[in-house]
Amino acid sequence: MSDTGRFLREFARDPLHTAAIAPSSPALAAAMTASLPDTGDPVVVELGPGTGAFTGAVQERLGGRGRHVAIERHREWAGLLRRRFPRVDVVCADVVTLPAVLADRGITSVDAVVSGLPWAAYAPGRGLHAMITDAMAPTGVFTQFAYSWTRWAPPAQRQLADLRAHFGDVVTSPTVWRNLPPAVVHRARQPLTRPPRGVIHPPPR
């Protein structure tokens with residue numbers, strides 16, 4: 001089965017957690033991984049890698065350096081990733097187990113987090129951004145994509161506000177048109193101390 005066929009099947013079965021009918025394009029993968037460190041041995045964590053559209057781009061950027069951990073909840077896709085990318089530490093789990101996954105591997109600081117997760121499946125109340133900032137190095141970078149046609153909807157705006165509450169610097173890329181559907185990339189730096197429970201700051205005007 002092609003990767004597009006896999007996405008179509010999973011979208012029909014579980015549209016909330018799949019939220020796409022095709023893998024991300026090479027153009028979007030390049031935009032998502034452009035901020036990864038190009039020197040040293042960084043620790044990169046990938047959330048929701050799916051069938052590996054971003055995984056391959058991460059591996060290309062690393063060029064054999066550092067450490068790459070990918071957390072994928074879909075068992076079949078996790079197995080596919082292990083076969084395709086033997087250098088990647090693929091974990092079949094929900095991303096909410098991120099702290100335990102890192103602790104089990106003795107990882108205390110992450111240099112980059114690349115997220116292929118559909119925001120709709122992980123509302124701000126689940127604390128995903130807080131878990132990410134807790135794990136990141138002060139110089140770390142977090143990248144998250146959003147489809148252009150949904151980015152102005154209330155759920156996406158709440159997620160963006162929550163992202164800005166957890167990072168001091170959030171920049172949105174121009175639209176990546178060579179993707180189905182077109183998308184933007186949010187790049188977040190300067191992880192902040194976790195805000196008080198239940199507080200989500202509005203985006204700056």
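Summary table below
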item: Alpha carbon convex hull of region 32-188, volume per residue in cubic angstrom; result: 110
item: Length released on extending from residue 161 to residue 41, taking residue separation times 0.36 nm less the Cα-Cα span; result: 40.0 nm
item: Karplus (6.51, -1.76, 1.60) ³J(HN,Hα), θ = phi - 60°, over region 148-154, in Hz, Gly and Pro reported as x; result: 4, 6, 10, 5, 8, 6, x
item: Sequence ranges 106-113, 158-165, ranked by mean other-Cβ count within 10 angstrom, highest first; result: 158-165, 106-113
item: Residue-span extension gain [residue 76 to residue 137] - 0.36 nm each, minus C-alpha spacing; result: 18.8 nm
item: Prolate/oblate/rounded label for region 72-144 (Cα gyration tensor, a/c 1.5); result: oblate
item: Rounded accessible area per residue of region 34-167, 1.4 Å, Å²; result: 41
item: If the convex hull is drawn through the Cα atoms of region 49-106, its volume per residue in Å³; result: 75
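The values are calculated or read from the model by the stated rules, or taken from the named source; none is laboratory data. Please read these numbers as outputs of a predicted model, since none were measured by experiment. Cβ atoms come from the backbone with ideal geometry, glycine included; neighbour counts cover every protein chain shown. Ligands, DNA and RNA are stripped out before the accessible areas are found, and what is left, the full protein with its side chains, is counted by its heavy atoms. Shrake-Rupley method; radii C 1.70, N 1.55, O 1.52, S 1.80 Å.
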